[in-house]
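Report on the following structure.
The values are calculated or read from the model by the stated rules, or taken from the named source; none is laboratory data. What you see is a predicted model, and the numbers here were worked out from it, not measured in a lab. All Cβ positions, glycine included, derive from the backbone under ideal geometry; neighbour counts span all protein chains shown. We work out accessible area using only protein heavy atoms, side chains counted, and drop any ligands, DNA or RNA first. Shrake-Rupley method; radii C 1.70, N 1.55, O 1.52, S 1.80 Å.
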Amino acid sequence: MPKVLPEPREITTVPRISDRIFRGIVTTGGLSTLAILALIAFFLVFNGFEVIRDEGLRFLTGFDWMDAIPDEGIAATYGIGAMLYGTLVIGLLAIIFGVPIAVGAALFLSYYAPEWIKRPMVVVIDVMAAIPSVVFGLWGYFILMPHAEYWAKLIHKYLGFIPIFDMPAPAYSRSPFIAGLVLAIMIIPIVASISREVFAQTPPDRIQAAYALGATKWAMIKAVVFPYGIGGVIGGAMLGLGRALGETVAVYTVLNLVYDIRIEILLSAGGSVASMIVNKFGEADAIELRALMAAGFVLFVVTLIVNFIANAIINRTARRG
Amino acid sequence: MATISVVPSKPWRPKLSRVWPDILGALFTALSSVAIVAVTPLKGRLGFSITLIVMAVITSASISWLRRDRKAALNSVSTVFVYVAAAFVIIPLASLLFEIVSKGIVGFSFGIFTKDMSLTSADSPLSEGGLLHAVIGTLYIVLLATVISTPVGFLASLYIVEVQGRFASLVRFFVQAMSGVPSIVAGLFIYAVWMIGLGNSYNVAAGAGALAILMIPTVARTAEEVLKLIPNDLREAGLALGATQWRTVAMIILPAAKSGLVTAIILGIARVAGETAPLLLTLGGADAINLNPFEGNSSALPFYVWKNYSLGNPESIQRAWLGVFVLMIMVFMFFSLARYFGRAKGANR
């Protein structure tokens, strides 16, 4: 009896209908993240458009945030210059305080720590990242601030001749210095974990080669680990900066918002765009609300740019490793 | 016949002759710091810690310089700094947890989980009222946010890892950037769409929408990492058996990644459960339980904490700390769950 061979199956590279539907749904879902970002930008600009148009560049550079007073014929002026400046100041302070500690902790975890302390400490850093900002705010206000005021007094006493440590009035509470300290503690986890990631990618043969040539641990780190990981550390620091710039409630509790540009960081006067939005939101009328939307848009763009650069640096470093 | 047992010499073991300068150095550092703090005007914990660090640097540097050379001295100085940095990471966290527990435990009782604040005024003692409405509110908002954000997050990660479409790297990059969107901006966005655009007033759905925006990147990125860990053999095996991509993903990849995907969701929840700023713009605040997501003000734990902190009288402040305590318990519960599932995944692999 002759064997009947089955018809050869048709071989095609065209995906089935089920696959096309699947791919369609997944692609829609994937692209919806882009859509959300685009929508955020669109709606903030859409609502803040009038204020941006009326104020122009003054919105970014102006120091005044005043509602209109119709009785006296004063028009509303909205400028976030002082708040932008304040945001950058506390962000930079957070970087200055936080990054050395975070990098040191990452080095400790990668090269110094004995095994038994490594795991708990990684958990500790993860836990720190999970603490809500309102908790940091309360802790900063009630626990850290009394200490920080004392430190600020000492700094002023011994380094007061430097302009940024000058004090026109003895008001040490709720200063950019304290806000910077709180933010530094908040960004330590992210900077530390990213630094640890890039340090872990240092080629082990180079490390061993450095030791074989008689390098001390520090000489090895300086010659091998830092050159390899510096990009990742910078990227992590910028990611931390992005977090610090957008931080709202923690800063609001420990910073006195003043619409003025001040160089003295120990003085109880600072600014933060995000905190200002919460501060003004409660009693804002329709026009002020538009101004707040515009301020939110500026904050969104600034943090997005910082994050873009940070991620680009980190991705490049990670790929090379 | 005498047996000869060979004892390994273990030359890497620290010998007493090598260790004693370090021990002496540590002793000297501690004693000299105490002495300096006692004699000089430096005082308090701050003075002591600064003295301790300085003395540790001086002692360790001089010991290694005497025993070896300048490079060894530099090495020991850097070692001290690295240990100090590690301590500076631990100290704030330890202080934070200590204060939360010691301040939060004061008003903690079972009763706070059975009552809300609708019949209690802000300055009445802690034994009256509770935060049931806030706990329910938080659970409710987080549940809604999870329902919204999980599909989007998973689809985004599937798009990046499985479909690998034309925009995969772009989506990946933007999801990364999205995790840096300030929470206040998410709140403003929802306010612009939901309140200004669609004319609603404060409600739970708005809060959940804002939290979902913050949750999507965490879910998507964790899920992406998890999917990348699935060995390619599984995908190829599925395709070789004649399965379509849809069947491969649905019946092989997702079951294999199940516990990791659960971890992704829980990490997302832990990320947003304590978010305050967007809720200030979207919830409106309430003192009673509200289970209607589209109607009426509501509350949540972070909101409760914030409100009581802002009220400022001693009882409210105590209530705020109580809220922080409960909030931290919730966050830690989610966090430990995530770690538990993450570890289960490791065991399976």
So A:Ala102, is it part of a helix (DSSP H, G or I) and crowded, with 24+ Cβ neighbours inside 10 Å: yes
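Can you list the helices (runs of 4 or more DSSP H) found entirely within region A:127-215 that contain at least 3 residues being within 14 Å of chain B (Cβ to nearest Cβ) and open to solvent by less than 60 Å² (accessible area, probe 1.4 Å)?
Because the criterion is at least 3 residues that are within 14 Å of chain B (Cβ to nearest Cβ) and open to solvent by less than 60 Å² (accessible area, probe 1.4 Å), the helices (runs of 4 or more DSSP H) in region A:127-215 that meet it are A:133-139, A:145-159, A:176-200.
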Single residue of B:Ala237, B:Ala223, B:Ala273 found to be touching a residue at least 12 places away in the same chain (Cβ under 8 Å), more than 10 Å from chain A (Cβ to nearest Cβ), open to solvent by less than 10 Å² (accessible area, probe 1.4 Å) and of a type in the set (A, V, I, L, M): B:Ala223
Residue ranges of helices (runs of 4 or more DSSP H) in region A:220-321 with at least 3 members over 19 Å from A:Ser193 (Cβ atoms) and open to solvent by less than 30 Å² (accessible area, probe 1.4 Å): A:249-254, A:273-281, A:286-320
Among the candidates B:Arg18, B:Arg13, B:Arg45, residue that is charged (D, E, K, R) and either within 13 Å of chain A (Cβ to nearest Cβ) or open to solvent by less than 30 Å² (accessible area, probe 1.4 Å) (or both): B:Arg45
Failed item, numbered, when B:Leu139 is tested on (1) hydrophobic (A, V, I, L, M, F, W, C); (2) open to solvent by 50 Å² or more (accessible area, probe 1.4 Å); (3) touching an Asp or Glu at 6+ places or on another chain (Cβ under 9 Å): (3)
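Among the candidates B:Asn308, B:Asn292, single out the residue that is more than 9 Å from chain A (Cβ to nearest Cβ), in contact (Cβ under 8 Å) with a residue 60 or more places away in the chain and surrounded by fewer than 18 Cβ atoms within 10 Å (Cβ to Cβ).
On the way: B:Asn308 fails: surrounded by fewer than 18 Cβ atoms within 10 Å (Cβ to Cβ).
None of the others qualify; the one that does is B:Asn292.
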Hits in region A:23-44 (condition: open to solvent by 20 Å² or more (accessible area, probe 1.4 Å) and in contact with a Phe, Trp or Tyr (Cβ under 7 Å, 6 or more places away or on another chain)): A:Thr27, A:Leu31, A:Leu34, A:Ala41, A:Phe43
Residues of region B:172-196 that turn out to be within 7 Å of chain A (Cβ to nearest Cβ) and open to solvent by 50 Å² or more (accessible area, probe 1.4 Å), as a count: 3
Residue in region B:103-115 that is away from every other protein chain (no Cβ under 14 Å), over 30 Å from B:Asn290 (Cα atoms) and assigned to a helix (DSSP H, G or I) present: no
Of the criteria (1) within 14 Å of another protein chain (Cβ to nearest Cβ); (2) surrounded by fewer than 19 Cβ atoms within 10 Å (Cβ to Cβ), which one B:Ser127 fails: (1)
Every pair of residues 6+ apart whose Cβ atoms lie under 6 Å, when the first sits in region B:55-75 and is open to solvent by 100 Å² or more (accessible area, probe 1.4 Å) while the second is part of a helix (DSSP H, G or I) and not hydroxyl-bearing (Ser, Thr, Tyr): B:Trp65/B:Ala73
Residues of region A:246-274 that turn out to be polar (S, T, N, Q) and over 21 Å from A:Glu149 (Cα atoms), as a count: 1
Selection within region A:105-121 - open to solvent by 10 Å² or more (accessible area, probe 1.4 Å) and in contact (Cβ under 8 Å) with a residue 60 or more places away in the chain: A:Ser110, A:Tyr111, A:Tyr112
Any hit, region A:18-25, residues being free of Cβ contacts under 8 Å to residues at least 60 places away in the same chain and under 27 Å from the mean Cα position of the chain (by Cα): no
Set B:Ser149, B:Ser169: member being polar (S, T, N, Q), assigned by TED's automatic domain parsing to the domain that holds B:Ala206, crowded, with 22+ Cβ neighbours inside 10 Å and in a helix (DSSP H, G or I): B:Ser149
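Yes/no matrix, rows are residues, columns are (1) of a type in the set (Phe, Trp, Tyr); (2) assigned by TED's automatic domain parsing to the domain that holds A:Gly242; (3) at pLDDT below 90:
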residue	(1), (2), (3)
A:Val99	no, yes, no
A:Gly104	no, yes, no
A:Leu109	no, yes, no
A:Val124	no, yes, yes
A:Ser133	no, yes, no
A:Gly137	no, yes, no
A:Met145	no, yes, no
A:Trp151	yes, yes, yes
